[in-house]
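Right, one structure below, let's go through it.
Nothing in this text is a laboratory measurement; each read-out follows from the coordinates by a stated rule. Small disclaimer: the values here were computed from a predicted structure and weren't measured. Please note: Cβ atoms are built from the backbone with ideal geometry, for glycine as well, and neighbour counts cover all protein chains shown.
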Amino acid sequence: MSASRATGARLPLGQPATSLLQRKLERLGLRDPSDFVVHLPLRYEDETRLVPILSLAPGMTAQVEGEVVRSEVQYRPRRQLHAVLQDDSGQLALRWLNFYPSQQKQLSEGNRLRVRGEVRNGFGGHEMVHPKVSRAGGDLPQALTPVYPTTDGLTQASLRKAIDQALQTADLSDTLPEEVRQQYQLLPFAQAIRMLHHPPAQVSYAELVERGHPAWERIKFDELLAQQLSLAAARAARRRQKARELPPNGVLLKRLRASLPFRLTDAQERVIQEISSDLCRNFPMHRLLQGDVGSGKTVVAAFAAAQAISAGSQVALMAPTEILAEQHFRKLASWLQPLGVNVAWLTGSLSVKSRRQAMAAIESGEAQLVVGTQALIQDKVAFDNLGLAILDEQHRFGVGQRLQLSRKGEAHEGVLALIPHQLNMSATPIPRTLAMTFFADLDVSAIDELPPGRSPVLTKLIADTRRDEVLGSVTAEVRQGRQAYWVCPLVEESEVLQLQTAVDTHARLVQALPDLRIALIHGKMAAADKQQVMQGFRDGHVDLLVATTVIEVGVDVPNASLMIIEHAERFGLAQLHQLRGRVGRGSAQSICVLMYQAPLSAIARQRLRAMYETTDGFEIARRDLDLRGPGEFLGVRQSGQELLRFASIETDTRLVVQAQEAVAVMRDCFPEHARAHLRRWMRDRQDFLRS
Ligand code: ADP
Ligand code: MG
């Protein structure tokens, strides 16, 4: 073989068969024997038994043996192979809508066959359509046949073979010490694993597929324990890290408080305190600040920033969109600049010159607060002494981005010595159980109260056939001196179509409402244009802002009191809640109109009903979780990471509690076991949990 081939420039001839299989297996995350071992069946087929034909009932999947007593090709209602199988007890019809000559031959009259399939009611009694057929009289397997989760082009047979091979070589030793197993009455690992891959025929099928069997309990316990161990490890690791202590220096904070045009709510005061104490510690804060849309998180961030700055540190605040970053920049600058704080601004769309200036100010430490987008975490941005990093709408950022920000701390002789404190803000409330189980080592603060004087947004569901009425209410609102948003239909599949839709929607509205000042904003516009449009809307020069979901997060224009969402049925629940949160920020009664196109799918109907029935972000989150399940809810589905494969935090609460209990014992008394357990269950997923 030539050198170029050996280095992989071309696939060597003659070997792809195995590597193709390997690639498919890898797609399922199956690489090492230990991966295969915990690739567990979804369900099982019972091929251990034969039943008499007389005992068959519609809906059951069964296996019978008998003699073919009739076999013919019928032409009505269409061409099909029809056969009748008979045993001592009765007859069963078999049917194939497509078939090969070889099948026809196999089904010749007089042949004795074993068939397996689902029983249905046919014209002349029970029948099986496209059953699995083999010769009668073969050995019956002793164990149930596992059916594994698989991927395109990977057959159950090859998957079973690969798993069975792995079971022979893999290390199945127990990572739980005897004590822990006894205490929670758990099966040994090897026994549980072997049982789940090859359950004996007498095991309760219901317990197996519903995962109530003791073997499943052991696996679920292991999985939950691994997760909790990993969280505990992350927490301990964070406490070993060093951060600069940032105690409050009274003057700046007092002046900030005095300059605000409103009184902080009790909830805001409380979370400001919580953050303040974290900042005084010498290990990095890792706190999630939750507060429903409009609850006033920005000002809390301002207090955290002021405290850090008063202690001599730099602060970075990162927002997911330019529009939001710009809005924060304005707001924070308006609060802090008069108090002598130097606020800088950094986004990807700055001119080369402004960018260079901003970078220089960041590097020299002259910029005390830097507000920006993802541009802040680029390699080239070097802070002089970043003490606090704030992420707004943290769920919009990936794990990697969050980690990158925490690496912008202070280095000494090239080694990262001080990690910045991190404050994550989010309006997507995470139900408590989820936060506890999934969010690594994260302390949670919640603003559970809205500023006074807000009346809840009134939500209306209106079919798009009543568009004229909606246009009328836009005009009426504007006549009263208020402003409105019109959110364009979502076209997720194509950016080009999305853009076109936005432009069309704008054009139609301009035509329908000639007296109004209407502007358009969308993601593909140049940053400067976006800024200009937002500024015009903020200043009241625009009555109606036609927008794509670029305004979804954070945008704050209190005079806007009407929100129209076209094709609301295409949006997700969290998204609708965020969009609706753009209104109801001032004292005027605000209205959100969800226009929909009938007929609605069942899930869209449930989403719209939830929006209609409640404005409480926590309740919405709970329903969203019900509708979507935790993986998608937390936005981890895209990252390809499954959080829990076997256990469910909703239904396995007892195991969750037990696993939490066992963590301390494992870490304190059995550190070797704990490490082995994490190796088996977590592998490369630890980073994810740490974020
Ligand atoms: P969110 O939590 O959605 O980020 P913002 O920080 O944008 O909310 O605040 C929403 C609006 O409420 C802003 O206009 C803000 O200035 C105002 N606000 C914040 N706190 C108070 C308060 N205690 N009293 C009155 N208005 C407040
Ligand atoms: Mg906000």
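Points worth noting:
- Distance (nanometres) between label positions extended 7 Å along Cα→Cβ at ARG135 and ALA258: 9.9
- Counted over segment 252-447, the DSSP beta bridges are approximately 10% antiparallel.
- Distance-filtered residues of segment 39-82 - backbone nitrogen under 12 Å, label point 7 angstrom along ARG112 Cα→Cβ: 65-68
- Compared with the direct C-alpha span, the chain from SER277 to ARG605 gains 113.6 nm at full extension, assuming 0.36 nm per residue.
- Sites LYS105 and ARG645 - FRET efficiency at Förster radius 60 Å, r taken between beta-carbons, to 0.05: 0.85
- GluC sites (Glu not before Pro), loop per DSSP, at most 15 other Cβ atoms within 10 Å - longest free stretch of the chain: 494-641
- ARG23 sits among other residues whose Cβ lies under 15 Å from its own Cβ, and their net charge, with Lys and Arg +1 and Asp and Glu -1, is 0.
- In order along segment 446-454, the phi-based Karplus estimate (6.51 cos²θ - 1.76 cosθ + 1.60, θ = phi - 60°) of 3J(HN,Hα) comes to 10, 8, 10, 7, 8, x, x, x, 8 Hz; Gly and Pro are listed as x.
- Charge tally around GLY540: other residues with Cβ under 15 Å, Lys/Arg +1 each, Asp/Glu -1 each, net +1.
- Residue-count net charge about GLU449 - beta-carbon cut-off 10 Å; Lys, Arg +1, Asp, Glu -1: -2
- Spherically averaged projected area of segment 531-629 from its Cα convex hull (nm²): 6.7
- For VAL371, the residues 5 or more places off, or on other chains, whose built amide H falls under 5 Å of its own are LEU317, ALA344, TRP345, LEU346.
- Counting only alpha carbon atoms, the long axis of helix 297-310 and the longest principal axis of the chain meet at about 60°.
- Helix-derived mean residue ellipticity, 222 nm - over the chain, DSSP H n ≥ 4, -39500 (n - 2.57), to 500: -12000 deg cm²/dmol
- Inverse of mean 1/r across different Cα pairs in segment 472-527, Kirkwood, Å: 12.5
- Normalised alpha carbon radius of gyration of the chain [divisor 2.2 N^0.38 Å]: 1.20
- Shown here: segment 49-135, whose C-alpha atoms stretch 30, 24, 18 Å along the first, second and third principal axes, sorted largest to smallest.
- Inter-part distance, segment 84-111 to segment 312-386, computed on C-alpha centroids, equals 76 Å.
- Qualifying lysines (Cα of each under 18 Å from Cα of LYS408; at least 8 residues distant if same chain): LYS242, LYS380
- Global size of segment 458-614: 14.5, 42 Å for Rg and Dmax (C-alpha atoms, Rg to one decimal, Dmax whole).
- Segment GLN378-GLN532, length gained on full extension (0.36 nm per residue, minus Cα span): 52.8 nm
- Bridge type composition, the chain - antiparallel percent by DSSP, nearest 5: 40
- Here ALA201 and LYS242 are evaluated by their C-beta separation; at R0 = 56 Å the FRET efficiency comes out at 0.40.
- Equivalent ellipsoid, segment 99-255 (semi-axes from 5 times Cα gyration tensor eigenvalues, Å): 54, 22, 16
- Each label point was placed 7 Å from the Cα along the Cα-to-Cβ direction; for LEU50 and ARG70 their separation is 2.3 nm.
- Full extension of the segment from ILE462 to VAL503, taken as 0.36 nm per residue of separation minus the current Cα-Cα distance, would add 12.5 nm.
- Histogram of C-alpha separations across segment 252-447, 5 Å bin width, %: 1, 8, 17, 22, 22, 16, 9, 4, 1, 0
- Once the Cα atoms are used to define both axes, helix 671-681 deviates from the longest principal axis of the chain by about 70 degrees.
- Once the Cα atoms are used to define both axes, helix 322-336 deviates from the longest principal axis of the chain by about 40 degrees.
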